[in-house]
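The values are calculated or read from the model by the stated rules, or taken from the named source; none is laboratory data. Keep in mind it's a predicted model, so treat the numbers as computed, not measured. Ideal geometry is used to build each Cβ from the backbone, glycine not excepted, and the neighbour counts take in all protein chains shown.
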Amino acid sequence: MVDIHDIPPEILAASFEMGIYTWGTTFIHPISLVCSSWRDTIEHTPRLWGIILIGKAHQGCGAGGARAQAKRLRKQIVKAKEAPLSIVCDAKGRVHPRELVDELVGLAHNWVMADVGTEFLANSRWGVLRYTLEELVLRRNGIPAKDDPGAFFEKDGGGTGNIHSTSGARHPTKLRSFTAKSLPRGWVLGFLSPTIQHFHFEGGDRVVVPISIWGGRRHNIRDTWEYLTRIPNATSLELVDLYHTIPNQDLAPQGGVQLSHLRTLKLLNVLFSASVLATIKAPNLQTLSMDGRAPPDVYYSPSIEEDVGLAYMFALWSQPGVVPEQLHTLELRDCVGLGDVPYLVRWLERLPNLVRLFLKDEVFGSAKLRALESGGVDDDGCSVSDAEDFDIYRALARPRRMKDGRMGWLCPFLMILYLDTDQDIADVIPIARARGGNAPPRDVEGILPPNRLRRIETQLCPDATKSDIEELRSLVDQVYCVCTNCGLMVEDSEFQNFFLGCDFRGSVHLDVILTVVSFPTDAGSA
């Protein structure tokens, strides 16, 4: 029988490291009392002492004050010896007394990770950090005097040595991951180089002001474009809470921004996101996530929103050499306009490897109504005009004539489908029939059936009947309701429990939730 003492020291050290990040260094003392082997592991693993957490509530610094904390940290630094240091400050990033700041800055050549504010980092110099620092999370302290990095980026010995070059050979650096939170331009540019693999840029300046009033706190979209040009080897890019100025495409990077290594791209609350995406060329992209939900403290002008859409981006990303044919996950939340829908459908034609499609936007229901009202689809479902492209449900439910003239399926490898789009259950069932694997494909010569759809998440209550649910279960392995009031997985044979609990206005009773939960018979009794 395996004993707790059989755990290798390397595994113990890794577990203890996670505990320190969670509870602080006070976590070390009680676990060192468990046994002598654990105590030896702690004492002889300098990297555990190299995790410096400053100003954290769980450090227990309230009783003894800042100087008591400084004394404990100083002992910790001694134990860390020359081990790599990970420096994590609280949100304010202020450290007292000054002697501790100087001591940590004196060890900057050992920093491998830092999560700090600009006020703290300004005490060091990039010329020292650049050769060891691999991960940096930097936030603006809200102190105007620190908005300018000043001498931080200067070369050793003075001079103007700001690292504002796109050449990694001239200015080698180990920095691979950079997260910038509400930073001014001067602080961001200095860290960007071809060595960056992960870049997370967060604006965060949420101002209660109509979008038509452009104040100085709006983020200049030209800065975003420039940041992208400086990270050509990035594999992961996240843009969050960026309320851009009105874009001028004439000032966009000529020829676009080539990000050939980019695999993951996420945008959350990015105003004029289409203008940002239109400049990017990421042919090897695998995951694209866009969430256009606006925070409640920012007002949007409909007149400006109507002038900005994803249609332009979908058209550009359909060109040879630009289309991300390896894209396997697409998530679009509240960011698609009515006129964008047909362009999206045509773009999906060029994504043969898409496995997961997530759509949350009521505009798709409106687009379907437009297709029906136009009369552009005949009784057999064949397209007689471009109006069919407005109905994404029909496009997913049957083969279609592609723009190159051939017949085929949209996203033939689709396995997971999420639809929260103000659709009817009658829009979902044909998709399950066509892609569920049980129903034969439409009789069109030379067309292979699509892969079997494994999972559907959609609005089931209040419209779905018992027979609808039974049919969906017979076609798809997993069926979920996205109703915020129930969120039940429809996997139990007793469907009546589900419908008795729903009052057909979207609510469900707690006792029914407990009733529906069941366990497989081979897993033992509950």
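Could you tell me which residue of region 156-177 is surrounded by the most Cβ atoms within 10 Å (Cβ to Cβ), considering only residues that are at pLDDT 50 or above and within 24 Å of residue 86 (Cα to Cα)?
If we take residues in region 156-177 being at pLDDT 50 or above and within 24 Å of residue 86 (Cα to Cα), then 175 is surrounded by the most Cβ atoms within 10 Å (Cβ to Cβ).
Quick check: is even one residue across region 241-250 modelled with pLDDT of 95 or more and in contact with a Phe, Trp or Tyr (Cβ under 8 Å, 6 or more places away or on another chain)?
no
If I go through region 108-130 residue by residue, how many of them are aromatic (Phe, Trp, Tyr) and in contact with a strand residue (DSSP E or B) (Cβ under 8 Å, 6 or more places away or on another chain)?
Of the residues in region 108-130, 2 are aromatic (Phe, Trp, Tyr) and in contact with a strand residue (DSSP E or B) (Cβ under 8 Å, 6 or more places away or on another chain).
Confirm whether residue 80 is at pLDDT below 75, more than 35 Å from the chain's Cα centre (by Cα) and surrounded by 12 or more Cβ atoms within 10 Å (Cβ to Cβ).
Taking the combined requirement at face value, the residue does not satisfy it.
Taking region 126-149 as the region of interest, how many residues are part of a loop (DSSP other than H, G, I, E, B) and either modelled with pLDDT of 90 or more or closer than 22 Å to residue 174 by Cα (or both)?
Result for region 126-149: 6.
Would you say residue 318 is of a type in the set (Ser, Thr, Tyr) and modelled with pLDDT of 90 or more?
yes
I want to confirm something. Restricting to region 283-299 and keeping residues that are surrounded by fewer than 16 Cβ atoms within 10 Å (Cβ to Cβ) and modelled with pLDDT of 50 or more, which single residue is farthest from residue 354 (Cα to Cα)?
Out of the qualifying residues, it is 293.
Quick check on my filter: what residues within region 242-282 are in a loop (DSSP other than H, G, I, E, B), surrounded by fewer than 20 Cβ atoms within 10 Å (Cβ to Cβ) and not small (Gly, Ala, Ser)?
The answer is 245, 246, 248, 253, 254, 261, 263.
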